[in-house]
1. Here are the criteria: (1) modelled with pLDDT of 85 or more; (2) surrounded by fewer than 21 Cβ atoms within 10 Å (Cβ to Cβ); (3) outside any loop (DSSP other than H, G, I, E, B). Tell me which single one LYS126 does not satisfy.
2. In the set ASP135, ASP180, which member is touching a residue at least 60 places away in the same chain (Cβ under 8 Å) and either surrounded by 19 or more Cβ atoms within 10 Å (Cβ to Cβ) or over 21 Å from ALA73 (Cβ atoms) (or both)?
3. Working carefully through the options ASN104, ASN87, find the one that is closer than 21 Å to PRO128 by Cβ and either buried (at least 16 other Cβ atoms within 10 Å of the Cβ) or out of contact with any Leu (no Cβ under 8 Å at 6 or more places or on another chain) (or both).
4. Of the conditions (1) modelled with pLDDT of 95 or more; (2) in the same structural domain as LEU64 (by TED's automatic domain parsing), ASN183 satisfies every one except a single condition; which number is it?
5. Which of the residues belonging to the range 208-246 are assigned to a strand (DSSP E or B) and either surrounded by fewer than 21 Cβ atoms within 10 Å (Cβ to Cβ) or of a type in the set (D, E, K, R) (or both)?
6. Select from the range 272-293 the residues that are more than 14 Å from GLN253 (Cβ to Cβ) and either part of a helix (DSSP H, G or I) or touching an Asp or Glu at 6+ places or on another chain (Cβ under 8 Å) (or both) and list them in ascending order.
7. Suppose we filter HIS122, HIS30, HIS97 for residues that are of a type outside the set (A, V, I, L, M) and touching a residue at least 24 places away in the same chain (Cβ under 8 Å); which single one remains?
8. Out of all the residues in the range 142-173, which are within 15 Å of VAL312 (Cβ to Cβ) and either at pLDDT 85 or above or assigned by TED's automatic domain parsing to the domain that holds ALA306 (or both)?
Amino acid sequence: MDLQQELKKRFGFDQFRPGQEDVIQSILQHTDTLAILPTGMGKSLCYQLPGELLEGLVLIVSPLVSLMEDQVASIRRRGEKRVAALNSFLSAEQRKHVYDEIHNIKFLFISPEMLSRSDMQHFLTKLPVSIIVVDEAHCISQWGFDFRPDYLKLGEFIRLAGNPPILALTATADARVQTDIINYLHMTEPTVIRQSLDRPNLSYTVKKLGSELEKTVWVKERLLSTKGPGIIYVASRKRADELTRLLLQEGIQIASYHAGKEPEDRNIIQQQFLSGELSWICATNAFGMGIHKDNIRQVIHDQLPASAAAYVQEAGRAGRDGERSSAVLLYVNDDEQKVRFIVQNDLPEEPQVRHYLSMRNSGQSIESSAQLAGISETSSRLIQYYGETMTVEDVLKTFTRLKYDKEEKLRQMITYVHAQTCLREQLLSFFDEQSTTSQSWCCSVCGTADEAWLYTADSSVNRRTLLSWGERIQLLLY
């Protein structure tokens, strides 16, 4: 089969991006495959092309509703109508429609939480599945930066489905995460295809400031004098909303994005950013996974990310088109303690674990047990998962190891912030890589993060056209 010809005929592309053809060849040979491809390398093509060529359903496990909807819309835009998504936001009628049409669907997106339901597993295992795709596969790893406990149950479903070929996709995975992905998915002698995380078109800057107020002033001046589009990552919903309000007062085209907003509002904001109606998004890390906007010029971190993997993933959303782009991390001295508090609070303490398990053993529901123990839904799912196969003491030891690992990953970012050597090399070293390219711009430590290209004399850049009240009323009336 001439894959180049199929690529041109079905997708209109003249050539594959690095790594894509190797992944597709592996899947067509019915080999379990782990593909570690940097952001912007076209991971979705790796299942869409073989999916078109193989008989049967392509099942894509995806962690976010917005990510599913974006992928569904993208597939439909190229003319493929045999695509649908199953998630908890669908009404009973919408879900029934998908069930009724399931035999006519080629690409089905589903959340790990929905796939973990026994009724859904029973339904889907009756279908001829050609490929199971696990998107954002780092979410399956307890060592990953975006752990989702329901991913741990995928291996059980894969076995029930007759062990079709598995394609696990992620942008970042160190050795431990890679091992977790392979083991939890029960992958058989998988082919591992990895492309370098190095992004030669991206310059890295660490900007140390004296206070949160200085961060705010820096961000405001930056957005008023440089071009977008861009993303500002912040630590909390409150900070996202407050910083956005301040920047809106300057006439900047920006919106806040976080999990506290209604799904419909998040979807509208995302579409406005993708279409260019918004120049900037001020967001928590709830934004960005699967966002396909090639011309993002800047990613600014107002917060210290909890791990190098998270930072590489988020900063890598800039410059997907290969053009010169900028990643800036702002830092003040107490950032480390703030992030440590957030990271460690993600995991339950020993009294909470013991109280939760005692409640469950006495017959309380998962929801009421979690509420009585004072823990989050995610924590309750974690305890529930480990508690099914471990003693209470072993569960506690597992959480101790997880907390230690989170601390080690945070220390990587502290090392990065205070680095005296090349920032690019620092980031790559966390993944046992070295830069293989040379570029005239690199990082603030090397002294080659010249960003003069970002600055513009056009004062209207990133700004809204500010209308008088009279003009706004006229627009509303007519």
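1. Of everything listed in (1) modelled with pLDDT of 85 or more; (2) surrounded by fewer than 21 Cβ atoms within 10 Å (Cβ to Cβ); (3) outside any loop (DSSP other than H, G, I, E, B), LYS126 misses just condition (3).
2. Matching residue, one of ASP135, ASP180: ASP135.
3. Among ASN104, ASN87, only ASN104 is closer than 21 Å to PRO128 by Cβ and either buried (at least 16 other Cβ atoms within 10 Å of the Cβ) or out of contact with any Leu (no Cβ under 8 Å at 6 or more places or on another chain) (or both).
4. Every listed condition holds for ASN183 apart from (1).
5. Residues satisfying the conditions are LYS208, THR226.
6. Those that are more than 14 Å from GLN253 (Cβ to Cβ) and either part of a helix (DSSP H, G or I) or touching an Asp or Glu at 6+ places or on another chain (Cβ under 8 Å) (or both): ASN285, GLY288, MET289, GLY290, ILE291, HIS292.
7. HIS30
8. THR170, ALA171, THR172, ALA173 - these are the residues of the range 142-173 that are within 15 Å of VAL312 (Cβ to Cβ) and either at pLDDT 85 or above or assigned by TED's automatic domain parsing to the domain that holds ALA306 (or both).
The values are calculated or read from the model by the stated rules, or taken from the named source; none is laboratory data. Here the structure is a predicted model, which is why all the values come from computation and not from measurement. Using ideal geometry, Cβ is built from the backbone for each residue, glycine included, and neighbour counts are taken over all protein chains shown.
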